[in-house]
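What follows is a set of notes on a single structure, which appears directly below.
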Amino acid sequence: ERLEGGLLDLGMTEASEPKDADVIILNTCSIREHAEAKVYSYVGPQAKRKRDGEDVTIVVAGCVAQQEGARLLRRAPEVDVVMGPQYANRLADVLEGVMLRGEQVEATSASYGALDHGGSTTSRRSSDVVAWVNVAHGCNERCTYCVVPN
């Protein structure tokens, strides 16, 4: 929701098909089985578009991006942004470096810039009664089956 809100704040609209998108965001979860392999599998077709000369910006966000960091950029140099979950509210700032200056950005640590844990991006909610809850930084429910850190 925060990533979509950030794109809407930039004046972007959702493409009906990934092949028609100017910006591709893969929001990843490292809890899923074979998460890293799935990321590279999804990046492949988008990287090919870029190699074929299409003007597409590729963003890998979330926990796998946080874990892989620079390794992801080395393995898939077509990726423009690797962004940890702590930067979800800073998508516009991160994309600025890519779109205006052509930089490849690794935003996975505080050394990238000052973190903004506030609500600087307006979340895009499709429901009045359902919302995503961010547990990337931990959760205090202590469910016995869960791998999310407390």
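The values are calculated or read from the model by the stated rules, or taken from the named source; none is laboratory data. All values reported here derive from a predicted model rather than from experimental measurement. Cβ sites come from the backbone with ideal geometry, for glycine too, and all protein chains shown count toward neighbours. Each accessible area value is taken on the protein alone, full model and side chains, heavy atoms only, with ligands, DNA and RNA left out. Shrake-Rupley method; radii C 1.70, N 1.55, O 1.52, S 1.80 Å.
Within a Cβ distance under 13 Å of T57, other residues only, what is the Lys/Arg minus Asp/Glu net charge?
Numbers: positive: R49, K50, R101; negative: D22, E54, D55, E78, D80, E96, E103.
Its environment carries a net charge of -4.
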Interchain or sequence-distant (5+) residues whose placed amide H lies within less than 5 Å of the amide H of T57 are V23, I24
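How much of the accessible area of the range 29-78, probe 1.4 Å, is carbon plus sulfur, in whole percent?
Working: 1400 of 2830 Å².
For the range 29-78, the apolar C and S fraction of the accessible surface comes to 49 percent.
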Accessible area per residue for the range 1-120 in Å², computed with a 1.4 Å probe and the full protein assembly in place, what is it? 54
Let me know the shape class of the range 1-84, please: from the alpha-carbon gyration tensor, a ≥ b ≥ c as square roots of the eigenvalues, rounded when a/c is under 1.5, otherwise prolate if a/b is greater than b/c, or oblate. oblate
